[in-house]
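Below is one structure, written out as structure tokens; comments come after it.
The values are calculated or read from the model by the stated rules, or taken from the named source; none is laboratory data. Since we're looking at a predicted model, the values are computed, not measured. Neighbour counts run over all protein chains shown; Cβ positions are idealised from the backbone, glycine included. Keep in mind that these areas ignore ligands, DNA and RNA; they rest on the heavy atoms of the full protein, side chains included. Shrake-Rupley method; radii C 1.70, N 1.55, O 1.52, S 1.80 Å.
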Amino acid sequence: MSKAFEICSDVTLTYDQQLKALAKLGEATDDSLPVTLEFKEAYDKGILCDLNEGCMPFRPRYICPDYRVLMEKGCKFLNLEAPKDIWEACNSLLILYKHVPSITTFPVYLGNFDELFEPFVQDEKEARKALRLFLRHIDSTLTDSFVHANLGPRLTKAGRIILELTKEMQLAIPNITLLYNPDITAEEDALFSIDSMLHTAKPSFANDKLFLKDFNNEPYCIASCYNGLLIGGGGFTLPRVRLATMAHEAKDLTDFIENVLPKYAEILLDHMDRRCEYMVEKSNFFKSNFLIKEGFLHQEKFVGLFGVVGLAECVNYFHGIEDKSKGFGNDPILNKEGQMIIEALEKVVNSHVTKYCDAFGHHHILHAQVGIDSDTTDNSPGCRIPVGSEPGIHKHVMHSCLFHKFFPSGIGDIFKFDETWEKNEAAILDIIRGAFNNDMRYFSGYLADCDVIRVTGYLVKKSEVAKLDAGGQSLNQVTVFGKGARDYGKAFDRRVQSSND
């Protein structure tokens, strides 16, 4: 049976999901961009992974248009004038979204809703009606919860309406992040956002001060799972290293840090260079796409993301630890060794000079990737503590703070709360403030009994996963990833944090 026939005969896939899977199959089997023998060997061993990017990179993986251009000038290519009211603003954005590509075929960044909509909120009742239809349209047509919107740092009437509707409608799409800055975000707005987060797994909280510092105060956004990228730019590519799989190539930790890690990092960096060069010089995206021509995007603001998974299992491997609750995340010595590994990797990545990535000094940047179901439990996402082995929330947060500073293009940790936190939302805000003061970059949470939950970086509904379990279809195409993450990575089994602990 061919792979194409498997896709066409799969009763759990919608027509649109089949169409996209067949297109991805074609991209994956093309050989326009040859890979080196070294990369292929490391790929076959499972040490390096291209995250299904295929061998014909005809567009960047992640694209983050400056939607303010649409609001100020409209779009000539799409025959759109600058919007004059909330209805035209919603309509113009929905039209433009259909023309913003990405690795998923859906836009991974929808803009900062506070900035985009607040000028048009004249009548709150009318704005609520327009934004309800806007969110319903997104949930029913941009059917992928890597679709991501931002709010803040100053929460506006528009932002509050969107969070109210999100809680009321229980939508998994879009993903939402609040750019939290205690100097700008009002306490009542932060608490309002935490209430929404507990009941809908969004918004997550991004450390606005830290991102601005790392991006030289340039306008940035959070896209896809939790990827920090420049507005008007995006991510060329996101391949990754599986550190735990790589560890088996080393004699010991010293050999790993001094020899094995640099070897495979350089192979992946070379692969990234080749992909970027193909996109810029051979594909037509940066030469002819209207998003470039009309100023929504700028090639120099794109960067390559060097992905990392499996730090926990890598460190545990060198100590022969099988009980993960006694390993990385719960042992100060192993945590320190984890830092040593990431510091060594950062040095290699930052020393590599690439032809493009102009806004980042011609360097690729580190990204703690959220993992895929084929990683199983052998390579945990990014630098996370393995699911089910998490300590109490305060120790967990301080552990996260050790690693978040190394990943300007994104890293995140997720906290699953019991119902006692509903009466302690101010305590969660205190935890977030303290964490951000100690360089935590991204905080996500949800109540254990929520239907909408955060899996690794994306959102799914448990009720939709149940549909797949029963042989049905789910409109959200990442529900299948959520099912895989549950079945093979235990992603639904995080420690439930109690406020009484």
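Data for the structure
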quantity: Two-decimal Rg to Rh for the chain - Kirkwood Rh, Cα set; calculated: 0.94
quantity: Extension reserve of the K287-E300 stretch, reckoned as 0.36 nm per residue once the Cα distance is removed; calculated: 3.4 nm
quantity: Partner aspartates and glutamates for K45 [C-alpha distance under 16 Å; skip if fewer than 8 residues away on the same chain]; calculated: E249, D375, D378
quantity: Interchain or long-range residues, amide H under 5 Å from Q497's placed H; calculated: K416, F417, D418
quantity: Accessible carbon and sulfur surface of the chain relative to its total accessible area, %, 1.4 Å; calculated: 51 percent
quantity: Virtual spin-label span in nm between T14 and A466, 7 Å along Cα→Cβ; calculated: 2.0 nm
quantity: Simple spin-label estimate for M340 and N52 in nanometres, 7 Å along Cα-Cβ; calculated: 3.7 nm
quantity: Nitroxide proxy distance, nm - points 7 Å out along Cα→Cβ at H362 and T141; calculated: 4.3 nm
quantity: Length added when fully stretched, K3-D255, from 0.36 nm per residue minus Cα-Cα; calculated: 86.7 nm
quantity: Across K24/K301; K157/K202; K167/K416; K213/K301, pairs whose alpha-carbon gap is larger than 22 Å; calculated: K24/K301
quantity: Antiparallel bridge percentage (DSSP; both residues within the chain; nearest 5); calculated: 40 percent
quantity: Backbone HN-Hα couplings from phi across segment 106-118 [Karplus 6.51/-1.76/1.60, Hz, Gly and Pro as x]; calculated: 9, x, 8, 9, 9, x, 8, 5, 4, 5, 6, 9, 4
quantity: Angstrom value of the Kirkwood radius, inverse mean 1/r, which spans all Cα pairs in segment 271-376; calculated: 16.5 Å
quantity: FRET efficiency, S374 to E187 (Cβ-Cβ, R0 35 Å, nearest 0.05); calculated: 0.25
quantity: Antiparallel bridge percentage (DSSP; both residues within segment 398-477; nearest 5); calculated: 40 percent
quantity: Length added when fully stretched, E322-K347, from 0.36 nm per residue minus Cα-Cα; calculated: 6.0 nm
quantity: Prolate/oblate/rounded call for segment 141-203, Cα gyration tensor, a/c under 1.5 rounded; calculated: prolate
quantity: Label point at H99 placed 7 Å out along Cα→Cβ; residues across segment 7-33 whose backbone nitrogen lies under 13 Å; calculated: none
quantity: Alpha carbon Rg of segment 352-410, scaled by the compact-globule rule 2.2 N^0.38 Å; calculated: 1.43
